[in-house]
Amino acid sequence: MADASFEDGAEGGLYLKAEDADDLRIIAALTQDAVLTAGDVTWRPKERRLAFLINRFRWEDVPKAEARKRPYERVRSLLVIDGVLGVASQGVDKGDKDEVLSVLSVDWTPGEDAAGTVTLVLAGDGAVRADVECLDLTLKDVTRPYVATSGHMPKHPD
C-alpha cells in the first residue's frame, strides 16, 4: 500500500492523505456513494483550495457491522484538494445550493510534471474538475458516525 494510512482524525475518525494515484484509489473507494449538496462545495481561489463536505457511507466499517449485526453507518467528512489552479463543473446547478449530488468516484489524470486534474465524478453525468499543481488531497471525518437513514448498504448494478 502507498502512503495513505489510517490515522486519528476528529474524535478518532478517519484521516487519509493522497499524494499519488494509489493513495487516491483508497480515498475514491471510501467516498463512493457519498452525497452532498451544491452548497457543500467551497472553492477558495486565494487559498488554492477546493473543499467538499460529504455525507459518506462507512465502507471501512461494513465487516464489523455485519459481524455484530448492527446497522450500517454514515459520517460527515471533509474532502479537500489543495494546490488548485482552477475549477470547472458540468451538470451542477451552481444557483441551486440544495441540489443533491451523488459521488461515483474520484479520478486522477496526470499532466505535465506533477500537475494534473482531480475529477469528482457525479451521478447523472455531472463532474467537478480541479486542475492542480500536484496531487494533494485529504479525507477527514468531521462528525461521529451515525446510523444510515436507509439502514441498507448502497447497491450497484452488476
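Of note:
- The label point for A21 and the one for R70, both projected 7 Å from the Cα toward the Cβ, are 3.8 nm apart.
- Under Karplus coefficients 6.51, -1.76 and 1.60, residue-wise ³J(HN,Hα) of region 86-99 in Hz, glycine/proline x: x, 10, 9, 9, 9, x, 10, 7, 5, x, 10, 5, 8, 4
- If the convex hull is drawn through the Cα atoms of region 94-137, its volume per residue in Å³: 85 Å³
- Angle in degrees between helix 21-31 and the longest Cα principal axis of the chain, rounded to the nearest 10: 50 degrees
- Summing +1 for each Lys or Arg and -1 for each Asp or Glu among the other residues whose beta-carbon sits under 15 angstrom from that of D125 gives -2.
- Centroid-to-centroid separation of region 29-72 and region 121-155 [C-alpha atoms, Å]: 4 Å
- Dividing the convex hull volume of the alpha-carbon atoms in the chain by its residue count gives 131 Å³ per residue.
- Placing a label point 7 Å from the Cα of E133 along the Cα-to-Cβ direction, the residues of region 32-64 with a backbone N closer than 13 Å are 46-49.
- In terms of the mean number of neighbouring beta-carbon atoms within 10 Å, the peptides 92-103, 49-60, 125-136 order highest first as 49-60, 125-136, 92-103.
- The charge dipole of the chain, taken about its Cα centre with unit charges on the Cβ of Lys, Arg, Asp and Glu (plus for the first two, minus for the last two), comes to roughly 760 debye.
- Relative contact order computed over the chain (Cα-Cα under 8 Å; 6+ residues apart), in percent: 29 percent
- For a straight C-alpha distance cut-off of 29 angstrom, the lysines reachable from K94 (same-chain residues fewer than eight places away being disregarded) are K17, K46, K140, K155.
- Gain in span if fully extended, E60 to S150, counting 0.36 nm per residue against the direct Cα distance: 30.6 nm
- Values of log10 I(q)/I(0), in the order q = 0.14, 0.25 Å⁻¹, for region 48-90 under a Debye, Cα-only, solvent-free model: -0.50, -0.85
None of the figures in this text is laboratory data; all of them are computed from the coordinates on show. Bear in mind that the values here come from a model prediction, so they are computed numbers and not experimental data. Heads up, the Cβs are rebuilt from the backbone with ideal geometry, glycines too, and the neighbour counts pull from every protein chain shown.
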